[in-house]
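Report on the following structure.
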Amino acid sequence: MKSKQELYDILKQECVNSKKQVLDILKEEIEEENKKYELYNTLINNYDNQQIVIAIEEMSELQKELCKYLRTYQTALITNIEEITEEYCDVKIMLEQLKQMFCISDIEEEEIIKGKLKRTKERLDL
């Protein structure tokens, strides 16, 4: 049987190893995020206002797929869920670029979203 000190040492080492794993994962996520924003910067620098046009086009494509969904919803012939997902992701990428182009901070974005959700909640008397 192991002593309390040995058990403590084992647990402590497991905790240290877990922390290292978490830090490695976070580091990888940060590196991926940085690569994504570097690509956005390149696109914005190379295409400037053209990215706004592309954002509008992508939103239009999502709108088209959502309309198609609504048309086919009642007929049980819904076949465009993958297309909706694809267009949603395209719009999300473009929104991230617009956020970067117009220097919208995460804090500013969160505050505005919280305010809008609060107002919606108040309108619904929740």
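The values are calculated or read from the model by the stated rules, or taken from the named source; none is laboratory data. Computed from a predicted model, the values in this text were never measured in an experiment. So basically every Cβ, Gly included, is an ideal-geometry build from the backbone, and we count neighbours across all protein chains shown.
Values for this structure:
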read-out: ILE78 vs. criteria within 28 Å of LYS36 (Cα to Cα) and among the β-branched types (Val, Ile, Thr); value: no
read-out: Which numbered condition CYS103 misses (of (1) assigned to a loop (DSSP other than H, G, I, E, B); (2) in contact (Cβ under 8 Å) with a residue 60 or more places away in the chain); value: (2)
read-out: Selection count, the range 20-77, where residues are among the small types (Gly, Ala, Ser) and touching a residue at least 24 places away in the same chain (Cβ under 8 Å); value: 1
read-out: Any hit, the range 51-73, residues being at pLDDT 90 or above, outside any helix (DSSP H, G or I) and closer than 21 Å to GLN97 by Cβ; value: no
read-out: Candidates LEU26, LEU98, filtered to the one that is surrounded by 10 or more Cβ atoms within 10 Å (Cβ to Cβ), touching a helix residue (DSSP H, G or I) at 6+ places or on another chain (Cβ under 7 Å) and not small (Gly, Ala, Ser); value: LEU98
